[in-house]
Amino acid sequence: MSLAKRRPLDLIATATLAMTGGLAAAADSLTVVSWGGSYAKACVDGYHKAFTDETGIEIRLEDYNGGLAQVRAQIEAGAVHWDVVDVELADGVRGCDEGLFELLDPKTLPPGAGGEAPVDDYYPGMITDCGANQLFYSTVYAYNAERFSGEKPATIEDFFDLERFPGRRGMRRSPVVNLEFALLGDGVPVEQVYEVLDTRAGVDRAFRKLDTIKDEIVWWEAGAQPPQMLADGEVVMSTAYNGRIFNAQTIEEQPFVIVWDGQVLDTGYLAILSGAPNLAAAREFVSFASRPASMAGVTRHISYGPTRLSAQPLVGTHAATGVEMRPHLPSNPENMKRALPNDWQWWSDNRDEMNVRFAVWLAR
């Protein structure tokens, strides 16, 4: 996205912040908004504390459940109080195009662990106009092994099979990933999912598949909910972020099993809000978070994989349990056999329309 595409209001805000850069640089705190639960704790332990130790800048951490509504509201009201927000890639790209986020100069990213240039150290496509992707994570589904005495679910098709595997299902209250899971569960090959979804007939097909289990769905919104729902027996299986299930398995010793078949692999990045009140501190924080050691630091606490090549050798064992982390990463080759990379461009182009369609479907 070029500067020419940014709205006049954004350019004025950027100019104003440039003139008051000395005040921003003197900030002793900044507000970072993320996904809460075990992921937020992994970030705090993985690099937030180290950032504060190095810079003296305190982090005020807040939670949200994704989307751009709160970001838009702050910017449109001229009352921005968030500095940095952890966004899903599709929302990050869309927000960048709308001028909601500050542009990123790739030259400001830190070098790789061996001095590599950032553009050579990130996996392809990981550096965008407004941010560099931090971690690979995935949406999977998981089940409580104690709820199944015989045959166990093993494929994405099994998630939709109420006859062989009766019981309630947990799903995020969002069209994202649910539409992909529905098509995969209906037999669409991984490589054709977005081609099918790019047609009205394909979207209709996805919702018809969701119809087959709609009466058995328990909806969740926060990433901490699926492990609790599985533990309480509220559902027999649930979609979830892989790292949340890993932590429930290892730290809480829950008898959960991840089904990697059909996982939707995704990334996200730290975006700085346009008009952030602590702009210089926010940029310093994003740069620190982008260090290979910071990415690997998160991986010591939750099973999300680094997006930088030089961070891979730094991945070791789980800090609390000593479990080797590589086998539990969504990007591990064994877990990637039928993985679907999220098509952020499709969701960036179609998210609003799908949100409306999903809301209408829910209300039926």
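Computed quantities for the displayed model
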| read-out | value |
| --- | --- |
| Partnerless cysteines, meaning none of the other Cys C-beta atoms lie under 4.7 Å away, in the chain | 43 |
| DSSP beta bridges in the chain [antiparallel fraction, %, rounded to 5] | 60 percent |
| Straight-distance crosslink candidates among aspartates and glutamates, where the alpha carbon sits under 18 Å from residue 107 and sequence neighbours closer than 8 are dropped | 116, 120, 121, 129, 284 |
| Net charge, residue 153 excluded, C-beta distance under 15 Å - Lys, Arg +1, Asp, Glu -1 | -2 |
| Residue 253/residue 129 FRET efficiency (R0 35 Å; Cβ-Cβ; nearest 0.05) | 0.20 |
| The chain - accessible surface per residue (Å², probe 1.4 Å) | 41 Å² |
| Sulfur and carbon atoms: percent of accessible area, the chain [1.4 Å] | 53 percent |
| Proximal lysines to residue 337, defined as alpha-carbon separation beneath 26 angstrom and excluding residues fewer than eight positions away on the same chain | 152, 209 |
| Which labelled figure in (i) 33.4; (ii) 19.3; (iii) 18.2 is mean projected area of the Cα convex hull in nm², once derived from the coordinates | (iii) |
| By average C-beta atoms within 10 angstrom, highest first, the peptides 245-257, 66-78 | 245-257, 66-78 |
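The values are calculated or read from the model by the stated rules, or taken from the named source; none is laboratory data. Source: prediction; values computed, not measured. Reconstructed Cβ throughout: ideal geometry from the backbone, glycine too, with neighbour counts over all protein chains shown. Note: areas computed on protein heavy atoms with side chains; ligands, DNA, RNA excluded. Shrake-Rupley method; radii C 1.70, N 1.55, O 1.52, S 1.80 Å.
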